[in-house]
Amino acid sequence: MSKRWRYSISKYKLRQKLDMKKSEIIYSLSFVCRLLNVSPHLLRAWEKRYQCVTPQRKANGRRTYSEQEITRLSYLVALTQQGHSISDIARLNFPELKKLHGKEINFQAKKSQNETPKATISNLLLALEHYNLEIIDHELKSLKKTIPSTELVFDYLLPLIQKLGEKVYKNDLGIDQEHALTILIRSHFYSEISQTSHKSERAQKRFILTTPEGEFHEFGILLAAILLKAQGHEFHYLGPNLPAKALLYAQEGLKSHTIILGLSLNYLKEGDKFAQYLKELSKLPPHVELLIGGHSPIKILPPYIHHKNLKDFYRWIKK
């Protein structure tokens, strides 16, 4: 079985997991403890002694909690902090807990109040570690609705991707989990950036975004496309792994003014291949700008433009 075919099967299985209903979203013990600021030992003791909640268990034995169970635990934690004994309140129903507490506790509101970007990223990676893809899907959907695009890129997605890369490098997470997160992010943003064209009346340049042949990592150009859209630029997103000859044809057909090539750390060993790729692109018309983003395996000299990070790129497109 070919590598591409195995990867296609993997993507299909991952997409199947994402077709879960919102009601099926579950959260890990670590997530609940972090949200409620309690120890795992305390929750286990409450469950064993008082049966205040009965979490489901995954095949590996790990506890999982529904939003309703977390809300119930939120009431119990709040009431014990007010001085109530857990033995007296553990078996109260929701209306009784609410009446005793005096206020309604909303899970989503509590979750939003307690989650800084750093905490959100930590929770997303924890969910990825345990393959809770439905949680990641739900969180990305929520972030996309509530966070402005530029803030979403720099405060959430970019740090998330960087942390993911570190964990994959240290073998704390696998390539399969990296692919899973890639698919999730694509599923939320492809519909916005992979249309035939994004036009704007104030756009002065037309961009193409892609990666060189052999470079399959597209996080960089995906985030760059989100930033371009936020700034009202016109662009065409062609995805990763584009041969030089195909890129020349695309530039001619789309009449683009700037080509953005994204590179990842995985491409650092491809110096000779990238040098040959740039040599083929020397056939581009003189007026076309070529911007290389990321860590290049060779030194980039004028007239080519090189931005090592997204912040430099963002400042450049804002000019």
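Hey, what did the chain get for relative contact order, percent, Cα under 8 Å, at least 6 apart? Provide the component values of the computation, followed by the final result.
Details: 377 pairs, mean separation 37.6, N = 319.
The normalised contact order for the chain reaches 12 percent.
Work through the residues other than LEU278 whose Cβ is under 15 Å from its Cβ and net out their charges, Lys, Arg +1 and Asp, Glu -1.
Working: positive: LYS245, LYS273, LYS279, LYS283, LYS299; negative: GLU213, GLU215, GLU270, ASP272, GLU280, GLU289.
Net charge around LEU278: -1.
Close amide H contacts of GLU213 (hydrogens built in the peptide plane, cut-off under 5 Å, sequence separation of 5 or more or a different chain): LEU242, ALA244.
Give, in nm to one decimal, the length gained when the segment between ASN37 and SER282 is fully stretched (0.36 nm per residue of separation minus the Cα-Cα distance).
Extra length available between ASN37 and SER282 comes to 82.4 nm.
Between the beta carbons of LYS118 and LYS205, assuming R0 = 41 Å, the FRET efficiency works out to 0.70 to the nearest 0.05. Annotation: amide H of ARG206 within the under-5 Å range of HIS257, THR258, sequence separation 5 or more or interchain, hydrogens built in the peptide plane.
If you take the alpha carbon atoms of the chain and fit the smallest convex hull around them, that volume is 163 Å³ per residue.
Quick one: go through the range 70-87 and flag any residue whose amide nitrogen is under 19 Å from the point 7 Å out along the Cα-to-Cβ line of ALA45. What the label zone holds, given the 19 Å backbone N cut-off, is 73-87.
Taking θ as phi - 60° and the Karplus parameters 6.51, -1.76 and 1.60, the scalar couplings of the range 38-47 work out to 10, 8, x, 4, 4, 5, 4, 5, 4, 5 Hz in sequence order, x denoting glycine and proline. With each label modelled as a point 7 angstrom along the Cα→C-beta vector, the GLU129-ARG57 pair spans 2.1 nm. Phi angles across the range 279-288 convert, under the Karplus curve 6.51 cos²θ - 1.76 cosθ + 1.60 with θ = phi - 60°, into 3J(HN,Hα) values of 4, 5, 6, 5, 7, 5, x, x, 7, 7 Hz, Gly and Pro given as x.
Couplings for the range 239-255, taken from phi via the Karplus curve 6.51 cos²θ - 1.76 cosθ + 1.60 with θ = phi - 60°, read x, x, 6, 9, x, 4, 4, 5, 5, 4, 5, 5, 4, 5, x, 8, 6 Hz in order; Gly and Pro are left as x. Could you check how many percent of all C-alpha pairs in the range 196-318 are farther apart than 21 Å? Taking all Cα-Cα pairs of the range 196-318, the fraction more than 21 Å apart is 31 percent.
The amide H of ASP172, built 1.01 Å from its N in the peptide plane, has no neighbour under 5 Å, considering only residues 5 or more places off or on other chains. Label-to-label distance, SER85 versus LEU29, with points set 7 angstrom from Cα along the beta-carbon direction: 2.7 nm.
So, counting K/R as plus one and D/E as minus one, what does the shell of residues with Cβ under 9 Å around GLY214 add up to? Within the 9 Å Cβ shell, the charges total -2. Think of the chain as having a plus end and a minus end, set by charges on the Cβ of Lys, Arg, Asp and Glu; of ILE89, TYR277, PRO243, ILE89 sits farthest toward the positive end of this dipole.
Take the Cβ-Cβ distance between GLU151 and TYR190 as r, set R0 to 22 Å, and report the resulting FRET efficiency rounded to the nearest 0.05.
Working: r = 20 Å, r/R0 = 0.93.
In this case the efficiency is close to 0.60.
Count the net charge of all other residues whose Cβ sits under 15 Å from the Cβ of PRO95, scoring Lys and Arg as +1 and Asp and Glu as -1. Net charge around PRO95: +3. Applying both filters, DSSP loop and at most 13 other Cβ atoms within 10 Å, to the GluC sites (Glu not before Pro) of the range 197-292 gives GLU201.
Values in this text are rule-based calculations from the coordinates and carry no lab data. Worth saying up front: this structure is predicted, and the values here are computed from it rather than measured. No Cβ is skipped: glycine too gets one built from the backbone with ideal geometry, and neighbour counts run over all protein chains shown.
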